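Heads up: the structure comes next, in structure tokens.
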Amino acid sequence: MIPENEQLDSNTLAGEYVLGTLQGQERVDFEQRLNADLRLQSEVDAWQQRLAPLLDGVDPVAPPDTVWERISHRIEPDRSARQAPGGFWNSLSFWRNLGMVAATLVIALGLTLMTARQQGLEMDSVMVVLNDHARAGWVVGARARDGFLNVSAVEPTELPQGKVCQLWMEDEQGHLIPVGLLPHDGSRQMRLPTALNAGNRFKVSVEQTDRLPTDAPSDEIVFEGSLTEI
Amino acid sequence: MASGEIDPQEAIRLRNQELESLLAACALNDRKAFARLYSLTSAKLYGVVLRILNRDEWAQDCLQDAYIKVWNNAGSYRSYMAAPLTWMSTIARNQALDLIRKRKREVAESDDKGFPEQVDGALLPQDGLSQSEQGRRLDNCLGQLKEQQRQVIALAYFKGLTHDELAAYTDTPLGTIKTWIRRGLEQLRRCLEP
């Protein structure tokens, strides 16, 4: 029998998280750690992979046609707006892009605020991180008094294998402090490394997944901005 | 093997290749590719969410949400991390477990005793998970666990049962359940190490 107070190693915790037995407050705490802890993230990934073959044994069942009808209806309004005549990739119209930025911004902010509200987290300032097509890639919401950021992926930049976007916060002295990695999907909470002031700048760099810098971005800065109060 | 018959490993490789290119096309907003991807994979994913949720109506809602996630995140699929169907099935499972947790919270708030519902006995297939190399390895490692450990791990994985629910369902003390799971996971990890 394991005594109640025995410290579980993080790998077993990651296994319990993936298995689903980590619940309630423990699960919430673990997810918070997960946001900032790369090693923990890779342990979770490893457990997803270890256990996934369990799903191989599940027999397929044909779903009713109505499911596809509803799915295709749901993806239509969102993506058809992007299909410019001549193909999205050929459309370089400044005005068209500007219009789309504004539209995705509204959607992005709406989603972030809605999710934050559902979780009882009212944000007091936001920043939109643009992707490589100058559209809303991520939305960063901050709640200064609790010292954390909520980062939601909207249309994240697609990066080559092994690369990742890292968020940095500039302190009063102009030093960059790593905050966390911008998620590929969903949203993540990250702790603010230092108290937030009105003028704090944030930067995003592209880094190698296996060589994340902790003192300064190693590569070019792809985005720079600051939070706006709402 | 009779001549002209396709090697099963080769068939899996070809299928993965097609699914990978369909996912890549989805990332570029190709709705036809998405329709094809759905037609090739939806029965598998529906099987997964149905196994977890047991109710057609929930499973269908969940399947919808899972495919919207696949569509929105196709660009972040990485073939070196997992085979395409594994990645999609994991998305479907996570979606279904999220739904279960949400329902449990609602049930807890309304004092309605809706969960846990009936659990079918055979969560692990009798003839093993032999479709892939990883499946065979996991099957072998699960086989080295005690029967009860295997059972609680499968119940948690497929039904989202908590420690307390597992204790009640298997009529076993909570501390024993926790030990079975922790030791079971540690054993599995050691056994699966390359």
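Mind checking whether some residue in the stretch B:102-114 is small (Gly, Ala, Ser), under 19 Å from B:Glu165 (Cα atoms) and modelled with pLDDT of 85 or more?
For the stretch B:102-114, residues small (Gly, Ala, Ser), under 19 Å from B:Glu165 (Cα atoms) and modelled with pLDDT of 85 or more: absent.
Residues to consider are B:Ala33, B:Ala82; find the one that is within 18 Å of the chain's Cα centre (by Cα), surrounded by 17 or more Cβ atoms within 10 Å (Cβ to Cβ) and under 29 Å from A:Gly162 (Cα atoms).
B:Ala82
Every residue, every condition in (1) more than 7 Å from chain A (Cβ to nearest Cβ); (2) free of Cβ contacts under 8 Å to residues at least 24 places away in the same chain; (3) not aromatic (Phe, Trp, Tyr), yes or no:
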site	(1), (2), (3)
B:Gln60	no, yes, yes
B:Gln64	no, yes, yes
B:Tyr67	no, no, no
B:Val70	yes, no, yes
B:Ala82	no, yes, yes
B:Met88	yes, no, yes
B:Ile91	yes, no, yes
B:Leu97	no, no, yes
B:Arg101	yes, no, yes
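Which of the following residues is closer than 24 Å to A:Glu31 by Cβ and surrounded by fewer than 21 Cβ atoms within 10 Å (Cβ to Cβ): A:Leu182, A:Leu149, A:Leu227, A:Leu159?
Answer to the selection: A:Leu159.
Check A:Val164 against each of (1) under 13 Å from A:Phe223 (Cβ atoms); (2) among the hydrophobic types (A, V, I, L, M, F, W, C); (3) surrounded by fewer than 21 Cβ atoms within 10 Å (Cβ to Cβ); (4) modelled with pLDDT of 80 or more and name the one condition it does not meet.
(1)
Identify, please: which residue in the stretch B:142-182 is of a type in the set (Gly, Ala, Ser), surrounded by 14 or more Cβ atoms within 10 Å (Cβ to Cβ) and closer than 18 Å to A:Gly57 by Cβ and is, among those, farthest from the other protein chains (Cβ to nearest Cβ)?
Only one residue tops the list, namely B:Ala154.
Among the residues in the stretch A:164-180, are any within 21 Å of A:Asp37 (Cβ to Cβ), in the same structural domain as A:Arg135 (by TED's automatic domain parsing) and part of a loop (DSSP other than H, G, I, E, B)?
Going through the stretch A:164-180, the residues within 21 Å of A:Asp37 (Cβ to Cβ) turn out to be A:164-169, A:176-180.
In the following step, the residues that additionally are in the same structural domain as A:Arg135 (by TED's automatic domain parsing) were identified as A:164-169, A:176-180.
Subsequent filtering for residues that are part of a loop (DSSP other than H, G, I, E, B) retains none.
No, the stretch A:164-180 has no match at all.
Checking B:Thr170 against (1) at pLDDT 85 or above; (2) closer than 27 Å to B:Val70 by Cα, which test does it fail?
(2)
Given the criterion among the basic types (Lys, Arg) and more than 24 Å from B:Gly135 (Cα to Cα), identify the matching residue among B:Arg78, B:Arg51, B:Arg55, B:Arg15.
B:Arg55
Would you check which residues across the stretch B:36-54 are within 7 Å of chain A (Cβ to nearest Cβ), among the aliphatic types (A, V, I, L, M) and surrounded by fewer than 21 Cβ atoms within 10 Å (Cβ to Cβ) and list them? Walk me through how you get there before you give the answer.
Quick first cut of the stretch B:36-54, residues within 7 Å of chain A (Cβ to nearest Cβ) only: B:38, B:42-44, B:46-48, B:50-51.
Add one more test, that the residue is among the aliphatic types (A, V, I, L, M), and what stays is B:43, B:48, B:50.
The one that is within 7 Å of chain A (Cβ to nearest Cβ), among the aliphatic types (A, V, I, L, M) and surrounded by fewer than 21 Cβ atoms within 10 Å (Cβ to Cβ): B:Ala43.
Criterion first (more than 21 Å from A:Gly24 (Cα to Cα), modelled with pLDDT under 90 and touching a Leu at 6+ places or on another chain (Cβ under 8 Å)) does B:Leu145 satisfy it?
In short, no.
Within the stretch A:56-68, can one find any residue that is assigned to a helix (DSSP H, G or I), more than 24 Å from B:Leu97 (Cβ to Cβ), within 13 Å of another protein chain (Cβ to nearest Cβ) and modelled with pLDDT of 55 or more?
Looking for residues that are assigned to a helix (DSSP H, G or I), more than 24 Å from B:Leu97 (Cβ to Cβ), within 13 Å of another protein chain (Cβ to nearest Cβ) and modelled with pLDDT of 55 or more, one finds at least one in the stretch A:56-68, hence yes.
Name the single residue that is modelled with the lowest pLDDT among those in the stretch A:77-88 being outside any loop (DSSP other than H, G, I, E, B) and either at the interface with another protein chain (Cβ under 8 Å from one of its Cβ atoms) or surrounded by 14 or more Cβ atoms within 10 Å (Cβ to Cβ) (or both).
Ranking the qualifying residues of the stretch A:77-88, first place goes to A:Phe88.
The values are calculated or read from the model by the stated rules, or taken from the named source; none is laboratory data. Remember, it's a predicted structure, so these values are computed and weren't measured experimentally. All Cβ positions, glycine included, derive from the backbone under ideal geometry; neighbour counts span all protein chains shown.
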